[in-house]
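What follows is one structure encoded as structure tokens, with my remarks underneath.
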Amino acid sequence: MTLQEPTPEEIEERAAIDRSARYPVMFFFTSAAAWLLVATLLGFISSLKLRLPGLWDDYSILGYGRLFPAHLNALFYGWGMQAGVGVMLWLMARLTRNQLSNQAGILVAGHIWNAGVTFAVLTVWLGYGNSLPLLDFPKWVWLFLSASYLLIVVGVIPMFRRRRESLVYVSEMYLVGAALWFPWIFITANIIIGKGTAPVMASGVNAWYITNLIYFWMAPIALAIAYYIVPKIAGRPIYSYPLAQASFWLLAFLAGWTGFSRFMGGPFPAWMPAVSGAATIFILLAILATVFNLLVTLKGCSKLWEYSPSLRFTVFGMLMLAVYAVLAALSSTYSFGRDLQFSHFLVGLDTLAIYGFFSMTVFGAIYFIVPRITGAEWPSGKRIRTHFWYSTYGIITLVVTMLIGGIAQGGNLAQWDQTFSTSFVNSAAYVVGRALAWAMISFSNISFLYQLTLMFIGKGRKSEGPTLIHTQPGEAESAKMAAGLQE
């Protein structure tokens, strides 16, 4: 079974929707890409500082305790949120067949969001953080960010209610979920911490918030992209719609219970880490079922990923999502996680979520969306290939070194007669891999930002034919034709 070709009326309707979304979506994509470059450079510098503690000792602003939190805030709130919002707006408009309204209001709210993120990153970098990752900015900033977020996505739910199709697509379910879940977890966490909660519970709420960012924002956005792009490029419907629905509801029910397994054996009632760990293990089933569903959809036409930039990034992102779910489930068990919960392993795990499956899938969406809203093609397939491979090498290097380094560090921490400095010294060599990984990722993002800037200023390729990997412009009309799956 294949998807029907669109009629001329449908093509015109899609073009009108793309025109309505062009300026807000491109604003969020370019802002996000600029923040991504800042974040990856901060990631490299902070890793270098961790490996060479004596470096820049005279400058407190270049201390690891300031660089790393600034890196995290720029990576998630600067890059992750804005890229996700851009994808959400375009996908919801396309799926519901509604033009994007209130573009001016969305752009104003986007500028407010960027101002809030800039202030948050600078205050943390200048030493005014509170040591709670991704919640460490001054108290009033969360009000600023919450208001701007709600102004941006306020039209998503009405668009969903005005959808032109009676069938609710799986991508729509994930987009609506992400739109509603983020303000819930963000506002809840900030209210609880802002009331002067005891430090122990504040740390628990912080862990709950981070894991829910992954399962209630990053995963839904990534899965909405995958459920749209994979069938679209393969030219066939998703393999099992009931399986996709079941996976969604399993994630929706269980994700809110996660987080406290990061403090197993800590000063919390034993049932809290136990329930959290069980929820994480059951979420693994939902993720594996989803990845299986997507890969089976591609059965017989997997060669498309060699030529389609969007499909290549999306499929890799989904594979990284499966890897993340497996590692998260393992680390939520006492036998595996007790020695890793305060080690490099968690840094690698969180980075695998933010940059591994989320960012790579979002890149796939951006490579798919931007030509449609700008009316131009990407200038260079070679640069897209560079972006993919250096990002891939960086992700694999980071995850492997942090996993092995975390095991080495955790093993030393578990020995009561060894000092903390011993664990740091024994794991220091693996930090070199972390620095090299961020260097490769930074290089890849320079290439990405360069091409996106050209598209933004109208310097994209105007010649016929999509930008495909391993083909010259104009050689093939589609990835299917390039892969020999269509005459």
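Could you grab the pairs with beta carbons closer than 9 Å, sequence gap of 6+ or different chains, first residue in region 302-331 and within 10 Å of ALA479 (Cα to Cα), second one among the aromatic types (Phe, Trp, Tyr) and not in a helix (DSSP H, G or I)?
So the pair list comes out as PRO309/TRP378.
Would you confirm whether any residue within region 234-254 is of a type in the set (A, V, I, L, M), over 17 Å from LEU284 (Cα atoms) and surrounded by 22 or more Cβ atoms within 10 Å (Cβ to Cβ)?
yes
Restricting attention to region 26-62, which residues are small (Gly, Ala, Ser) and not in a helix (DSSP H, G or I)?
Once the filter is applied, which keeps residues that are small (Gly, Ala, Ser) and not in a helix (DSSP H, G or I), region 26-62 yields only GLY54.
What are the residues in region 337-377 that are more than 17 Å from the chain's Cα centre (by Cα) and among the small types (Gly, Ala, Ser), if any?
GLY337, SER343, GLY375, ALA376 - these are the residues of region 337-377 that are more than 17 Å from the chain's Cα centre (by Cα) and among the small types (Gly, Ala, Ser).
Taking the residues in region 212-233 that are touching a residue at least 60 places away in the same chain (Cβ under 8 Å) and of a type outside the set (A, V, I, L, M) as candidates, determine which candidate is surrounded by the fewest Cβ atoms within 10 Å (Cβ to Cβ).
Looking at the filtered set, the residue picked out is LYS232.
In region 255-277, what count of residues is obtained for those that are in contact with a Leu (Cβ under 9 Å, 6 or more places away or on another chain) and farther than 17 Å from ILE210 by Cα?
Within region 255-277, residues that are in contact with a Leu (Cβ under 9 Å, 6 or more places away or on another chain) and farther than 17 Å from ILE210 by Cα number 0.
Quick one: count up the residues across region 158-175 that are surrounded by fewer than 20 Cβ atoms within 10 Å (Cβ to Cβ) and under 22 Å from the mean Cα position of the chain (by Cα).
Result for region 158-175: 0.
Checking PHE342 against (1) surrounded by fewer than 20 Cβ atoms within 10 Å (Cβ to Cβ); (2) assigned to a helix (DSSP H, G or I); (3) at pLDDT below 90, which test does it fail?
(2)
Checking PHE448 against (1) of a type in the set (A, V, I, L, M, F, W, C); (2) modelled with pLDDT of 75 or more; (3) touching a Ser or Thr at 6+ places or on another chain (Cβ under 7 Å), which test does it fail?
The failed condition is (3).
Search region 264-283 for residues being surrounded by fewer than 19 Cβ atoms within 10 Å (Cβ to Cβ) and in a helix (DSSP H, G or I), and hand back the single one that is modelled with the lowest pLDDT.
It comes out as TRP271.
Output the number of residues of region 378-409 satisfying the condition of being over 20 Å from the mean Cα position of the chain (by Cα), crowded, with 22+ Cβ neighbours inside 10 Å and part of a helix (DSSP H, G or I).
Residues flagged as over 20 Å from the mean Cα position of the chain (by Cα), crowded, with 22+ Cβ neighbours inside 10 Å and part of a helix (DSSP H, G or I) within region 378-409 amount to 4.
Could you look through region 432-443, keep only residues that are surrounded by 24 or more Cβ atoms within 10 Å (Cβ to Cβ) and more than 15 Å from LEU403 (Cβ to Cβ), and pick out the one that is nearest to the chain's Cα centre (by Cα)?
The extreme case among them is ILE441.
Exactly one of these conditions fails for ALA476: (1) over 30 Å from ARG22 (Cβ atoms); (2) among the hydrophobic types (A, V, I, L, M, F, W, C); (3) at pLDDT below 90; (4) touching a helix residue (DSSP H, G or I) at 6+ places or on another chain (Cβ under 6 Å). Give me its number.
(1)
If you scan region 176-189, which residues turn out to be among the hydroxyl-bearing types (Ser, Thr, Tyr) and crowded, with 19+ Cβ neighbours inside 10 Å?
Result: no residue meets the conditions.
Of the residues ALA70, ALA34, ALA39, which is modelled with pLDDT of 85 or more, under 21 Å from the mean Cα position of the chain (by Cα) and surrounded by fewer than 21 Cβ atoms within 10 Å (Cβ to Cβ)?
Answer to the selection: ALA34.
Being within 16 Å of VAL153 (Cβ to Cβ) and touching a helix residue (DSSP H, G or I) at 6+ places or on another chain (Cβ under 6 Å) narrows it down to one of TYR64, TYR77, so name that one.
Criteria check complete, one pass: TYR77.
The values are calculated or read from the model by the stated rules, or taken from the named source; none is laboratory data. Note that the structure is predicted; figures quoted are calculated from it, not measured. Neighbour counts are summed over all protein chains in view; Cβ atoms, including those assigned to glycine, are modelled from backbone coordinates with ideal geometry.
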